[in-house]
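Read-outs throughout are calculated quantities, based only on the coordinates presented, and are distinct from any laboratory measurement. These figures come from a predicted structure and were not determined experimentally.
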Amino acid sequence: MDIQFKVEKGRVLVPVGIPCPFGCKYCYTRNGEVGPARVKPAEILNHLQEFAAVHSFNTIQFGYDSDPFAFPERGIAMLERLIELEKHINFSTKACIEGTVLDALAAVRRRLGGHLTLSALVSLSCWESAPTVEPHTPTPEERMRTVSNLKRIGIPAFIAVRPLLPHIADAEYEHVIDEALRAGCDGFILGPLYADEKERFVRFVPKDVLRKTPGRKVVVPWSAHAPVWTRYEDGVRMQRIMMLVEAKGGKVFWSSADAVESVIHAVL
Ligand code: SF4
């Protein structure tokens, strides 16, 4: 499978190109449906440069197939090349970013033009259940450290609560919200749980709970590779979590594109 790009909502998703070692149970990147598992950074960046020459877009979202900071030297090196395209950049991570990696990221931020933004999505899908659902991933506490560290170097950080897991109690999400607000996050993005035909990314969810969760087949809109998956999403529950966030003084965005847009508007 070739690497592909697509403009959606003014943004282009850019892969890391190396399998992610974090091993979240809901991870949909393992079977290659959203892109090839291994691609050299130079190949990704050269293809992207060719794509950018003939397509118009404002924002790069880096890291949908893996975590850019699971191998931080690779992530930083790719960001250093990405800023040459002179677009707004957003990256997704579950890594604990501190020390020299944080310093390198601050240097990337400084090199990006003042009219351009660098922002982050830090993902959490649970709190107390993280050791079973995300067993090899930096802990929720470490991810909160990432949020406060990013804020300290002037990088807006949103919490991606996605997938919102049907069998995880609201109380865990309340814990996520409280900790994230304390860490200074700029808002929350709530998102669905995806399942392929063989239900490989949802095996850990009790079947009776999954069956009761509203789901519909969709062509995944943000992927250039257009997999057809079931999107599990309980709209009533999402509204409830949104109200919880707002009652605590936080802000909810329904897509990462909207969150990034809010950062761009703030600097214009
Ligand atoms: S951090 Fe993201 S890419 Fe890595 S295993 Fe978890 S869901 Fe998959």
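Spelling out what I want: for every residue of the range 146-155, take phi, set θ = phi - 60°, compute 6.51 cos²θ - 1.76 cosθ + 1.60 (Karplus), and round to whole Hz; glycine and proline get x.
Working through the residues one at a time gives 4, 4, 5, 5, 4, 4, 4, 9, x, 10 Hz.
Given the options Val14, Val209, Val54, which has the most mean-square fluctuation in a GNM of the chain, springs set between C-alpha atoms less than 10 angstrom apart?
Per the Cα network of the chain with a 10 Å cutoff, Val54 tops the list.
Run the numbers on the chain and let me know its relative contact order in percent, using alpha-carbon pairs under 8 Å that are six or more apart.
19 percent
When a/c reaches 1.5 or more, the comparison of a/b and b/c decides; with that in mind, is the chain rounded, prolate or oblate per its Cα gyration tensor?
oblate
Where the eigenvalues come from the Cα gyration tensor of the range 150-218, what are the semi-axes √(5λ) of the equivalent ellipsoid, largest first, in whole Å?
That gives 29, 14, 9 Å for the three semi-axes.
Whole Å is fine, so just give me how far the alpha carbon centre of the range 160-181 lies from that of the range 215-268.
14 Å
What residue among Ala247, Ala106, Ala224 shows peak mean-square fluctuation when the chain is described by a Gaussian network model with Cα springs under 10 Å?
In this elastic network of the chain, the residue with the biggest mean-square fluctuation among Ala247, Ala106, Ala224 is Ala247.
If you average the alpha carbon positions of the range 63-101 and of the range 118-143, how far apart do those two centres end up, in angstrom?
Here the answer is 17 Å between Cα centres.
When DSSP assigns beta bridges and you keep just the ones with both residues in the range 7-267, what percent turn out antiparallel, to the nearest 5?
Around 30 percent antiparallel, to the nearest 5.
Determine the percent antiparallel among the DSSP beta bridges restricted to the range 1-95, to the nearest 5.
Beta bridges within the range 1-95, antiparallel portion: roughly 20 percent.
Each residue of the range 212-224 in order: what ³J(HN,Hα) in whole Hz does its phi give by Karplus 6.51 cos²θ - 1.76 cosθ + 1.60, θ = phi - 60°, with x for Gly and Pro?
These are the phi-based 3J(HN,Hα) values: 8, 8, x, x, 9, 6, 9, 7, 4, x, 8, 8, 5 Hz.
For the range 171-268, what does the alpha-carbon gyration tensor say about shape, rounded, prolate or oblate, given a ≥ b ≥ c as the root eigenvalues, a/c under 1.5 as rounded, and a/b over b/c as prolate?
oblate
Ignoring solvent entirely, what values of log10 I(q)/I(0) come out of the Debye formula for the range 1-111 at 0.10, 0.15, 0.23, 0.24 Å⁻¹ when each Cα is a single scatterer?
-0.27, -0.62, -1.42, -1.51
Quick one: among Asp170, Asp258, Asp208, which has the greatest mean-square fluctuation in a GNM of the chain with alpha-carbon springs under 10 angstrom?
Among Asp170, Asp258, Asp208, the largest mean-square fluctuation in the Gaussian network model of the chain belongs to Asp208.
Counting only helical runs of four or more DSSP H residues, what would the 222 nm mean residue ellipticity of the chain come to if each run contributes -39,500 (n - 2.57) and the total is spread over all its residues?
-11000 deg cm²/dmol
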